[in-house]
Amino acid sequence: MSLRVALLFIVVISISGCQPEKKQIIFPETDLSKAALIPKPVKVVPTGSAFGLAKNTIIYTSPNDKGFEKAGHFLSEKLKAKTGLDIAVNNTNGEKIAERFIYINQSESEDLQQPESYQLYVKKDSIFLNAKTAAGAFRGIQTLRQLIPEQSNDTLTTYPLWPIPTGKILDDPKFEYRGAMLDVARHFFTVDEVKRFMDLLAYYKYNTLHLHLSDDQGWRIEIKSWPKLTQVGGATEVGGGAGGFYTQEDYKELVDYAKDRHITIIPEIDMPGHTNAASLSYPFLNGNGKPLKSYTGTQVGFSTFDAQKDEVYTFLDDVIREISSISPSPYFHIGGDESHATKKGDYILFVEKVEKIVQKHGKQMVGWNEIAQAKIGASTIIQLWNEPHNAIKAASTGSKIILSPSEKTYLDMKYDSLSKFGLTWAGFIPVDVAYQWNPETYVEGLPKESILGIEAPLWSETISNSEEMEYLAFPRAIGYAELAWSASENLNWEEYKERLVKQVPFLKRMNVNYYPAEQIDWEE
Ligand code: TNX
């Protein structure tokens, strides 16, 4: 025990020492190993008793990292939302008796193998959450949130008390990259809608949100040096709606909101194809030789930038510079998919030139698997959606791979023939198919070490608001969270299904419009 923690004990004991003697609460037996945690932790050891979360609980946080205090406040806010309790952080609030405390502790323990690893020790009078980094503490806090029962037990004390099962949890993520993608180009989603999505992702330990910010149907981010991109290109969307865009201030607001949840936003500007909205705004960009008109349909592959023109690269330098300057993510996604209107030689030239621009602005390039046809550097990352051979090729020259195989991870595919929204070109993806595959062995010939993680893309041709987004994303996104975080050998669909059903109170409390797939017994 560190000196700081020892001092804390003395403080806590002396505070409670001034108060009338604590009454021993007799809890019914608990079993931490039965808790419906998603993603499933690496190790759970139950000890059968309970910590009583109540008005006299206090959260303390390690003083040497501000991020821990922030995480403490995040926990306090969520406890308030769920239980109504006002739990102080690093403050005894005058009258409070610190009978029980939660300590969020910065630890250098070697057992914490990764930045996001955490250990949770729940005892009768204390909860210790250890992590190396604030991100690790934040992940552990999500576990703790999931351990709080839906109802307080009011028979044990004169005040409401939420019993949390005692025991220990040791946990590390399987992949460092655990992402979802939202296409805000086909249909625009507001800042509040994106924030709401991030709240749900954070609860299941996602750490990345990839925003698909441009496509044929719309350009969604303000570029100050090229204002028509949003004035013209931002005013359309699939189906003829009004579209919309994020100002740079809006984007920063999203980035900050993400940061508070230890989520990184990856911006994508799709090119050289999927660029009708950009070329409509600035026709010199156009490389397909056809007249330009706004596009609100859902076909792909007809547009291209002119890869032979220097001005195109000057334009892209501005776009990538402006976005990179407000984007803390180490990555910049250039799309690169389905450029059917670009000649092969032009495509390769384009990708190689743009890689240099991205690197010049201090970012690592990410692109859909097609970009592996070009000679890309080892720092460039490939997102696999449909061509395993390109991912394997890129891995052989040192690139890391993000797995988004369309037949398994595409959140925009219908669940089944009854689904109201979604497409079907990659097949139906029912909840069990989404869950029952192993990212580590899925691509034959792709070494495990080359896999950065997985990402579930939500393309928005058929959806235009939170309700419709949630219908496609949930519950499948919960399964991807587990595939991304939890050790493959611990996963089992039959057992997962039971934990999934127990997410319903959370989903209902958050008003999530999840798809009640028939294959799951939601009544249980
Ligand atoms: C393919 S996947 C696309 C998108 C579409 C999606 C619809 C990929 C890199 N490109 O342009 O929106 O299918 O499912």
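Quick one: if the Förster radius is 22 Å, what FRET efficiency do residue 113 and residue 389 give, using the C-beta to C-beta distance and rounding to 0.05?
Using R0 = 22 Å, I get an efficiency of 0.10.
What's the extension gain from residue 300 to residue 521 if we count 0.36 nm per residue and subtract their Cα-Cα distance?
Working it through step by step, the gained length comes to 75.7 nm.
Counting alpha carbon pairs within less than 8 Å and at least 6 residues apart, what relative contact order, in whole percent, applies to segment 381-426?
Here the relative contact order equals 31 percent.
Suppose R0 equals 45 Å; then what is the FRET efficiency for residue 373 and residue 260 from their Cβ-Cβ distance, rounded to the nearest 0.05?
With a Förster radius of 45 Å, E is 0.70.
With an 8 Å cut-off on Cα pairs and a minimum separation of 6 or more residues, tell me the relative contact order of segment 177-496 in percent.
17
With r as the distance between the Cβ atoms of residue 310 and residue 77 and R0 = 60 Å, compute the FRET efficiency 1/(1 + (r/R0)^6) and round to 0.05.
It comes to 0.70.
Could you tell me which GluC sites (Glu not before Pro) in segment 487-518 are loop residues by DSSP with no more than 15 other beta carbons within 10 angstrom of their beta carbon?
Within segment 487-518, the qualifying GluC sites (Glu not before Pro) (loop, at most 15 other Cβ atoms within 10 Å) are 518.
Counting just the Cα atoms, what span does segment 336-398 cover along each of its three principal axes? Round to the nearest Å and put the largest first.
Answer, in whole Å and largest first: 28, 25, 16 Å.
Within segment 380-478, which trypsin sites (Lys or Arg not before Pro) sit in a loop by DSSP and count at most 14 neighbouring Cβ atoms inside 10 Å?
Counting only loop positions with at most 14 other Cβ atoms within 10 Å, the trypsin sites (Lys or Arg not before Pro) in segment 380-478 are 420.
Roll a 1.4 Å probe over the protein heavy atoms and report the accessible area of residue 181 in Å², nearest 10.
Its accessible surface works out to 0 Å², give or take rounding.
For the pairs 168/420; 224/259; 124/448, note any where the Cα-Cα span goes beyond 31 Å.
Over 31 Å Cα-Cα: 168/420; 124/448.
So what does residue 389 come to for accessible area, using a 1.4 Å probe and Å² rounded to 10?
120
Pull out the extension gain between residue 509 and residue 33, defined as 0.36 nm times the separation in residues minus the alpha carbon to alpha carbon distance; nm, one decimal.
The residue 509-residue 33 span can extend by a further 168.9 nm.
Per residue of the chain, what 222 nm ellipticity follows from adding -39500 (n - 2.57) for every DSSP H run with n ≥ 4, rounded to the nearest 500?
Only helices count here, giving -9500 deg cm²/dmol.
So if I restrict to the alpha-carbon atoms in segment 237-387, what is the Rg, and what is Dmax, the biggest pairwise distance, in Å?
Looking at segment 237-387, its Cα Rg and Dmax stand at 15.5, 46 Å.
Using amide H atoms built 1.01 Å from N in the peptide plane, name the residues 5+ places from residue 366, or on other chains, whose amide H lies under 5 Å from its own.
Counting only residues 5 or more places away or on other chains, the set is 332, 333, 334, 381.
With every protein chain left in place, what is the accessible area per residue of the chain in square angstrom, probe 1.4 Å?
39
Please report, in whole Å, how far the alpha carbons of the chain spread along each principal axis, starting with the longest.
So the extents along the principal axes, rounded to whole Å, are 84, 46, 45.
What ranking of 152, 294, 325 comes out by heavy-atom accessible area, probe 1.4 Å, highest first?
Order by accessible area, largest first: 325, 294, 152.
For segment 25-154, rounded, prolate or oblate, judged on the Cα gyration tensor with a ≥ b ≥ c (square roots of eigenvalues), a/c < 1.5 rounded, else prolate if a/b > b/c?
Oblate shape, in that a/c is at least 1.5 and b/c is the bigger or equal ratio.
The values are calculated or read from the model by the stated rules, or taken from the named source; none is laboratory data. Predicted model only: the values in this text are computed from it and were never measured. Don't worry about glycine lacking a Cβ; one is built from the backbone with ideal geometry, like all the others, and counts go over all protein chains shown. Each accessible area value is taken on the protein alone, full model and side chains, heavy atoms only, with ligands, DNA and RNA left out. Shrake-Rupley method; radii C 1.70, N 1.55, O 1.52, S 1.80 Å.
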